[in-house]
Amino acid sequence: MRFGKQQNKTYPLGYGLGLRFVNALAVFVCLVSFSSEVYAGAGKTILALGDSLTAGYGLAQSDAFPVQLQAALRDSGLPDVVVINGGVSGDTSAGGRARLDWLLAEPVDLVIVELGANDGLRGLDPAETRRNLDAILAKLTGRGILVLLSGMLAPPNLGEDYGVAFNSIYPDLAQKYGVALDPFFLQGVATVEALNQADGIHPNAQGVAIIVKRLVPPVVNLLTD
């Protein structure tokens, strides 16, 4: 998501179809390795459902968003919390919707939904993004699962009309389903060179730490209310 600069229909390696398959397989293996004992025995379980921003593209696993978030939550007084990495690099809202059922094979208490960045990068119809996210939130809230919806902003090079249609998706759906809203996942990090990797798209470890610091308070509130 290099804001303000045309991508010319090319995407970094993290958005390739082959890598998407590898990442999806890795997520599946990771989830299988987390036995029912891990899910049931932990105080709280969080699923981070997202794309490369959640998966930790370009980072050491220890620096990925779910790992940093789990550590920060434990430092904040939730010592038994487990954060499952449900991110797949290159995933769109449609991809997240398609794999949601098997991600929910074991109980979770909270899902952080971070999807839509690749929809915007590819100029996909915002109406389709809205339908996919709507379906995801309907399923989660229908099962009584807490949700934190983290929004994305459309690249400005796609025009004002596209931006209005895309950017309204997240607050509209948060209001519709009564879920917590984080307006912009990359707030304070996007376009800041020192907080991003060389591609200008993905946060580095320091950038992820800033995102985590912002999200810890609302996550704690959701889990402890």
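The values are calculated or read from the model by the stated rules, or taken from the named source; none is laboratory data. Remember, it's a predicted structure, so these values are computed and weren't measured experimentally. Note: areas computed on protein heavy atoms with side chains; ligands, DNA, RNA excluded. Shrake-Rupley method; radii C 1.70, N 1.55, O 1.52, S 1.80 Å.
Taking every alpha carbon pair in region 68-183, what does the distance histogram look like in 5 angstrom bins from 0, in percent? Histogramming region 68-183 at 5 Å steps yields 2, 11, 21, 22, 19, 13, 7, 3, 1, 0 percent.
With all protein chains in place and a 1.4 Å probe, the accessible surface of region 86-214 carries 55 percent carbon and sulfur. For region 89-103, putting each phi into the Karplus relation 6.51 cos²θ - 1.76 cosθ + 1.60 with θ = phi - 60° gives couplings of 4, x, 5, 9, 4, 5, x, x, 5, 5, 9, 5, 4, 6, 5 Hz, in residue order, rounded to whole numbers and with x for Gly and Pro.
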